[in-house]
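Report on the structure given below.
The values are calculated or read from the model by the stated rules, or taken from the named source; none is laboratory data. All values derive from a computational prediction rather than experimental measurement. Cβ placement follows ideal geometry from the backbone for every residue including glycine, while neighbour counts extend to all protein chains displayed. SASA here: full protein model, heavy atoms, side chains in, ligands and nucleic acids out. Shrake-Rupley method; radii C 1.70, N 1.55, O 1.52, S 1.80 Å.
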Amino acid sequence: MSDKKVLIINFYAGSPSYGMVFRHYYLAREWAEKGIDTTILASSFSHLRKVNPDIGHDLQETEVEGVRFSWIRENSYVGNGLGRFRAMMDFSWKIRRLAREIAEKYSPDVIIASCTNPIDTYAAQKIAELSGAKLIHEVRDLWPLTLELMYGFSKFHPLCVAMQAAENSFLKHSDYVVSVLPNAGDYMVSHGMAPEKFRFIPNGISEEEWRDAPEVPEDIARVFRDLKEQGKFIIGFMGSHTDSYSLSYLIDAVQKLGDPGICAVFVGGGREKAGFIEQSKSAMAENFIFLDQVEKKYIPAISAEMDALYVAGKRQNIFRYGVAMNKMFDSMMSGRPILYAIDAPNNYIREYGCGVSCEAENTTALMEGITTLRNMTEEERSSMGEKGRQAVLEHFTYRTIAEQFMELF
């Protein structure tokens, strides 16, 4: 195994210092300990990162916190609009054009194509053909199904037709298809994948980051000290402030409970944050606190200040294939009980008994869930939260996830 070379193709790949997306950075670090040489091929610009590298040419390499990145130079863009789409298509075209150079430079034994859209499979297949590599396609989102179910696109839309052809291609030609969505297998089989190719490999956490996490910054620590001196029961949310996470329902539930002893603390930023702040002012305004976005390294310490953590999502047809939110595993690892409201077939909170599950988009159910957690003793909440932490340590660390991939190598 130690002589294996792995090439990961991921437009969005990042690191803790650059910002999202982290999965392949963590996997590369785990594989490095096993002597596996890993290169991450990524776009030089992603709107998800807080910092982007300054790159002068395609395939320029940098070492990012011990992990080798090879960059495809792309222009900057804003948000999720046309500029992003153009950059993604340009990325796909460039790596297809550079396929021979990439194959010769990195000589991969294994290629992992992990792409937001499936178009990159054509380049990955070409590199695999030239290098004789095993090809693993990793699915994080189902395209074009997401466009059809969430955004109302017709399956006959030219973009959906192109993506469907690419999806059918990787389902047929990949050696394995890995998905973070546990219930996606039947859908993929219906589009031509041989059943034995499917593997579910979830997201997870880095034990090292939780073990070595710094203390809460003083300005934030002061907020929590004040709340605890007042005897508040603190429900916390950390992440992007968009209503896809059903934040308006949490605000509504706390307002309708009318209990001055309950406080909801929101940590993060997002395009809809101002709207949530305005909603919180309509009633029980003193029961809501909104803090700025923090670096990922502070999540463990801030989580520890909460009495419970909120993980939720709006009802979406795409969730029938499962959910794989990183914040779910972070919340479980915190050792705090979880107030959970997502309608999906995989419910780790119920499976491991580490919180209270509520119906999605149901204010009354959330009120009942909050009341249940509020009425528990600290010892009962601690015991519930510990079940989640133990489940993560057993099933959802990047060390375990890396080993699951290595079985495919």
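Only one residue in GLU101, GLU138 is surrounded by fewer than 17 Cβ atoms within 10 Å (Cβ to Cβ), touching a residue at least 24 places away in the same chain (Cβ under 8 Å) and of a type in the set (Asp, Glu), so which one is that? After ruling out the rest, the residue left standing is GLU101.
The condition of being more than 30 Å from SER244 (Cα to Cα) and free of Cβ contacts under 8 Å to residues at least 60 places away in the same chain holds for only one of GLU129, GLU167, that being GLU129. Within the stretch 54-89, the set of residues being within 25 Å of ARG271 (Cβ to Cβ) and at pLDDT 90 or above comprises GLU74, ASN75, SER76, TYR77, ARG86, ALA87, MET88, MET89. The requirement of being at pLDDT below 95 and hydroxyl-bearing (Ser, Thr, Tyr) is not satisfied by SER44. Within the stretch 367-381, the set of residues being over 16 Å from SER331 (Cβ atoms) and in a helix (DSSP H, G or I) comprises MET367, GLU368, THR371, THR372, ARG374, ASN375, GLU378, GLU379, GLU380. Which members of the stretch 143-156 meet the condition of being touching a residue at least 12 places away in the same chain (Cβ under 8 Å) and either more than 23 Å from the chain's Cα centre (by Cα) or outside any loop (DSSP other than H, G, I, E, B) (or both)? Selection gives LEU145, THR146, LEU147, GLU148, LEU149, MET150. For the stretch 331-350, a residue qualifies if it is part of a helix (DSSP H, G or I) and either open to solvent by less than 10 Å² (accessible area, probe 1.4 Å) or out of contact with any strand residue (DSSP E or B) (no Cβ under 6 Å at 6 or more places or on another chain) (or both), and the qualifying residues are MET332, TYR348, ILE349.
Of the residues making up the stretch 171-184, those that are open to solvent by 10 Å² or more (accessible area, probe 1.4 Å) and either outside any loop (DSSP other than H, G, I, E, B) or of a type in the set (S, T, N, Q) (or both) are LYS172, HIS173, TYR176, ASN183. Only one entry in ASP90, ASP120, ASP58, ASP109 is open to solvent by 20 Å² or more (accessible area, probe 1.4 Å) and touching a residue at least 60 places away in the same chain (Cβ under 8 Å), namely ASP109. All of MET406, MET384 fail the test of being more than 16 Å from SER334 (Cβ to Cβ), of a type outside the set (Phe, Trp, Tyr), in a helix (DSSP H, G or I) and open to solvent by 10 Å² or more (accessible area, probe 1.4 Å), apart from MET406.
I'd like the full set of residues that are part of a helix (DSSP H, G or I) and aliphatic (A, V, I, L, M), limited to the stretch 264-294.
Residues of the stretch 264-294 that are part of a helix (DSSP H, G or I), as a first pass: 273-280, 285-287.
Scanning the stretch 264-294 gives ALA274, ILE277, ALA285.
Flag set for ALA103, criterion: among the aliphatic types (A, V, I, L, M), in contact with a Leu (Cβ under 6 Å, 6 or more places away or on another chain) and modelled with pLDDT of 95 or more.
TYR310 falls short on exactly one of the conditions (1) in a loop (DSSP other than H, G, I, E, B); (2) open to solvent by less than 20 Å² (accessible area, probe 1.4 Å), and that condition is (1).
From LEU147, LEU135, LEU159, which residue is at pLDDT below 95 and over 25 Å from MET325 (Cβ atoms)? Quick ask: steps written out before the conclusion?
Values: LEU147 fails: over 25 Å from MET325 (Cβ atoms); LEU135 fails: at pLDDT below 95.
One residue alone meets the criteria, LEU159.
Filtering GLY261, GLY268 for residues that are more than 19 Å from ASN362 (Cα to Cα), crowded, with 16+ Cβ neighbours inside 10 Å and either of a type in the set (Gly, Ala, Ser) or touching a Ser or Thr at 6+ places or on another chain (Cβ under 7 Å) (or both) leaves a single hit, GLY268. Taking the stretch 85-131 as the range and being in contact with a Ser or Thr (Cβ under 9 Å, 6 or more places away or on another chain) and part of a loop (DSSP other than H, G, I, E, B) as the test, the residues that pass are SER107, PRO108, ASP109, CYS115, ASN117. Could you tell me whether the stretch 16-39 includes any residue that is under 18 Å from the mean Cα position of the chain (by Cα), polar (S, T, N, Q), within 29 Å of ILE299 (Cα to Cα) and open to solvent by 10 Å² or more (accessible area, probe 1.4 Å)? Within the stretch 16-39, one or more residues are under 18 Å from the mean Cα position of the chain (by Cα), polar (S, T, N, Q), within 29 Å of ILE299 (Cα to Cα) and open to solvent by 10 Å² or more (accessible area, probe 1.4 Å).
Could you grab me the full set of residues in the stretch 1-33 that are assigned to a loop (DSSP other than H, G, I, E, B) and under 15 Å from THR397 (Cβ atoms)? Step through it out loud before you land on a result.
First pass over the stretch 1-33, keeping only residues assigned to a loop (DSSP other than H, G, I, E, B): 1-4, 10-14, 16-18, 20-22.
Hit for the stretch 1-33 is PHE22, nothing else.
Residues that are assigned to a helix (DSSP H, G or I), closer than 30 Å to ILE9 by Cβ and over 21 Å from the mean Cα position of the chain (by Cα) within the stretch 189-229 comprise VAL189, SER190, PRO195, GLU196, LYS197, listed in sequence order.
Residues in the stretch 61-77 that are out of contact with any strand residue (DSSP E or B) (no Cβ under 6 Å at 6 or more places or on another chain) and part of a loop (DSSP other than H, G, I, E, B) were compared, and the one that is least open to solvent (accessible area, probe 1.4 Å) is TYR77.
If I go through the stretch 234-248 residue by residue, how many of them are in contact with a strand residue (DSSP E or B) (Cβ under 7 Å, 6 or more places away or on another chain) and open to solvent by 10 Å² or more (accessible area, probe 1.4 Å)? Let's see the steps before the verdict.
Going through the stretch 234-248, the residues in contact with a strand residue (DSSP E or B) (Cβ under 7 Å, 6 or more places away or on another chain) turn out to be 234-238, 241, 245-247.
Of the ones still in play, those that are also open to solvent by 10 Å² or more (accessible area, probe 1.4 Å) are 238, 245.
Looking only at that region, the number is 2.
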